[in-house]
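Notes follow once the structure below has been shown.
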Amino acid sequence: MTLAAPVAAVPSAADPPAAVPPGADPSAAVPPGADPPVTSVAAVAPALVAVPRPPVAARARAAPRPVVDPLLLVGGDQQHIVTRAQLRALGVPSGSIAHRLRPGGPWQRVLPRVICLQTGRLTAHQRLRAAIAYAVPKGQPAPRAGEVLLTGAAVLADAGLPSAGHPADLAEVDVLIPARRRVADRGFVRIHRAGGAMPGGFERDDGLWSTSVARALADLAPREGGGRRFRALCAEAVQRRHCELGELLDQLLARPEAGELAGVARVVEELTAGVRSVVEAEARDAVRGAGLPEPLWNPVLFLDGRFLAVPDAYWPQSCVALEIDSRAWHLRPADHERSLTRANRLTAAGLPVVRTTPVQLRRDPGPVLHELAVLLSAGPHGAHGRVTWRRAR
């Protein structure tokens, strides 16, 4: 007896689709001539979600790390001036530093342990930063507040003293460090050591730390105290109100070698006498050399208790004034007008005024000194009893 072959059941439209094993082709389970089953998104989504993905940490480790150029980290804030210790702290290998400092490379060595992240001539500000960076203790990435201070000509030029010159024209940069530090002059850097504790400096707008103008002059005294430039700098600092007279005198006299520096002693004497410019100091030398009495320098005169004028020099016993028409102080029309007004007020009050120029005093002071001698011997003049005075501050 032959058994009939079983007939495959054909699913109706109402029957649900048969389950398809994972990984099998859904169309393989569809009988010939039948429509393929419709697979919903919801049915497929669990399989997509189930696909394993590497953890976030593993993906981060697998991705290449970006190379950060130190120029982007410190170049902008520090004008491209960095120390080797800073670069090493940022993870820059020594070999990379040496490669970039090679001849023709993109960096340049400015001073020992100090690197500029660009080539070419340094700006005035870069030189200041490089000098500070050089004086930082070896291995320390950056200076601490007040640990290294700018001083000397760099401070005076930044203050705008005419005799100090423009900051861009400075051949050397003076830096003040504690006495115990062992750092030598190198390149354009001149090292000064504090005799005692470091003075309380201040932070400039550019982030560098600096001494006061008075301390900068005192640090400059051992090297330039005997020159005309130092006399001019001290007089300009007081005249232009960059420091008080008492502060400057304290700083100059506080140095241990102040008594041995004849130039410093002379400047102290001139400032105490009221001299406020190098031209007045030269006029004082000429007056004393001619044997004339010592006048008051830059006194404040009052007529009947009211302000009269501030002449360059004044002899109260004879009521005679001296005016030095210096071009350095009369470049602007307003300055020249003030000088004329001052002389006119003195003349109107009956005080004889002898006028001269720095060139006359240097080349041929004889006529001016003779005129002064005649007036002094013929005095007192004008409203002698009505004129009072106060010393220059």
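The values are calculated or read from the model by the stated rules, or taken from the named source; none is laboratory data. Small disclaimer: the values here were computed from a predicted structure and weren't measured. Heads up, the Cβs are rebuilt from the backbone with ideal geometry, glycines too, and the neighbour counts pull from every protein chain shown. Side chains included, ligands, DNA and RNA excluded: accessible areas come from the protein's heavy atoms. Shrake-Rupley method; radii C 1.70, N 1.55, O 1.52, S 1.80 Å.
Annotations
- Residue match in the range 204-219 (condition: without any contact (Cβ under 8 Å) to a residue 40 or more places away in the chain, within 14 Å of Thr151 (Cβ to Cβ) and not hydroxyl-bearing (Ser, Thr, Tyr)): yes
- With respect to the conditions (1) out of contact with any Cys (no Cβ under 7 Å at 6 or more places or on another chain); (2) closer than 30 Å to Ile324 by Cβ, Ala237 lacks only one, and its number is (1).
- Residue count, the range 209-236 (criterion: open to solvent by 10 Å² or more (accessible area, probe 1.4 Å) and in a loop (DSSP other than H, G, I, E, B)): 3
- Which numbered condition His381 fails, given (1) farther than 30 Å from Arg241 by Cβ; (2) in contact (Cβ under 8 Å) with a residue 60 or more places away in the chain; (3) exposed (fewer than 15 other Cβ atoms within 10 Å of the Cβ): (3)
- Any hit, the range 239-247, residues being open to solvent by 30 Å² or more (accessible area, probe 1.4 Å), part of a loop (DSSP other than H, G, I, E, B) and over 27 Å from Ala124 (Cα atoms): yes
- Tally of residues being touching a Lys or Arg at 6+ places or on another chain (Cβ under 9 Å) and open to solvent by 60 Å² or more (accessible area, probe 1.4 Å) across the range 248-265: 0
- Ala184 vs. criteria touching a residue at least 60 places away in the same chain (Cβ under 8 Å), in a loop (DSSP other than H, G, I, E, B) and either β-branched (Val, Ile, Thr) or more than 20 Å from Arg255 (Cα to Cα) (or both): no
- Matching option when the condition is closer than 28 Å to Cys234 by Cα and among the hydrophobic types (A, V, I, L, M, F, W, C), among Ala214, Ala142: Ala214
- Meets criteria (open to solvent by 20 Å² or more (accessible area, probe 1.4 Å), at pLDDT 90 or above and closer than 18 Å to Val278 by Cβ) for Arg193: no
- Meeting the requirement of 2 or more residues that are surrounded by fewer than 22 Cβ atoms within 10 Å (Cβ to Cβ) and touching a Phe, Trp or Tyr at 6+ places or on another chain (Cβ under 8 Å), the strands (runs of 3 or more DSSP E) wholly within the range 271-319 are 300-303.
- Summed over the range 91-114, residues that are over 26 Å from the mean Cα position of the chain (by Cα) and open to solvent by 80 Å² or more (accessible area, probe 1.4 Å) total 4.
- Given (1) touching a Pro at 6+ places or on another chain (Cβ under 7 Å); (2) buried (at least 20 other Cβ atoms within 10 Å of the Cβ), number of the condition Ile177 does not satisfy: (1)
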